[in-house]
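Every number here is computed from the coordinates shown, using simple stated rules; none is lab data. These figures come from a predicted structure and were not determined experimentally. Cβ atoms come from the backbone with ideal geometry, glycine included; neighbour counts cover every protein chain shown.
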Amino acid sequence: MFNSLIIFCGQYLISVPVLVLVIYFILVSWAQKSRLILLSVVAMTVAYALARIASDLYNDPRPFVVGHFKPLIDHTADNGFPSDHMLLASTIAMIVFYFNKKMGIALWVVAFVIGFSRVYAGIHHTVDIVGSTVIGIIAGAIAYYIAMALRKKNKDGQTPIQVTS
């Protein structure tokens with residue numbers, strides 16, 4: 001029973017942050033939509049770029065490869081660093097956090113459940129999860145500061161690029 005929960009969380013719970021971001025986008029005002037798009041595009045692009053660089057610089061064979069066991073979730077025996085699931089979940093959590101603190105915190109909880117589940121399932125080491133978390137935080141912060149810089153540059157209020165703090 002517990003293993004089934006781990007498998008579900010490690011493999012399918014990633015759909016929750018994605019759905020929350022989509023639903024949040026649908027529900028916010030038009031002005032917030034443009035801000036959300038800007039933050040999302042920049043954060044996701046930066047997260048992807050940093051993850052690619054990180055995976056080229058650090059190779060971490062997956063636990064089931066090193067430990068010679070069958071993981072709870074079938075996976076290829078490629079580089080486990082960083083965790084793509086955790087990277088997406090943490091980047092979305094950062095994006096949403098800038099707009100809605102409570103919802104952002106809830107998404108961080110979901111992200112950590114995903115990360116824990118992937119470690120428990122034997123497809124990631126803790127360093128893969130921590131690395132993805134750090135990259136997601138950095139990507140979200142970079143996106144936020146770019147949006148803030150654009151906001152300051154356009155003080156006349158003509159552009160809808162404003163992120164709540």
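Couple of notes before you dig in:
- Rounded to 10°, Cα long-axis angle of helix 84-99 versus longest principal axis of the chain: 30 degrees
- The chain: relative contact order in percent, alpha carbon pairs under 8 Å with at least 6 residues between: 34 percent
- Which labelled figure in [x] 17.0; [y] 16.5; [z] 19.3 is Kirkwood radius over Cα pairs in Å, once derived from the coordinates: [y]
- In this structure, the pairs whose alpha-carbon distance is over 24 Å, taken from K102/K152; K33/K152; K33/K101, are K102/K152.
- Reach of K70 by Cα under 17 Å, taken over lysines that are not fewer than 8 positions away in the same chain: none
- A simple rule links phi to the HN-Hα coupling: the Karplus curve 6.51 cos²θ - 1.76 cosθ + 1.60 with θ = phi - 60°, which for the range 133-148 gives 4, 4, 4, x, 5, 4, 4, x, 5, 4, 4, 4, 5, 5, 4, 5 Hz, with x for Gly and Pro.
- Checking every one of the chymotrypsin sites (Phe, Trp or Tyr not before Pro) in the range 1-92 against DSSP loop status and a limit of 14 other Cβ atoms within 10 Å picks out Y12, Y58, F69.
- Note on K33 and I53: their simple-model spin labels are 3.4 nm apart, each label 7 Å out from Cα toward Cβ.
- Along each principal axis, Cα extent of the range 39-115, largest first, Å: 44, 26, 15
- Cα-based Rg of the range 1-84 normalised by 2.2 N^0.38 Å, two decimals: 1.45
- For the options A149, A54, A89, a Gaussian network treatment of the chain with springs between C-alpha atoms closer than 10 Å singles out A149 as fluctuating the most.
- For the chain, the dipole from Cβ point charges (+1 on Lys and Arg, -1 on Asp and Glu) about the Cα centre works out to 700 debye, to the nearest 20.
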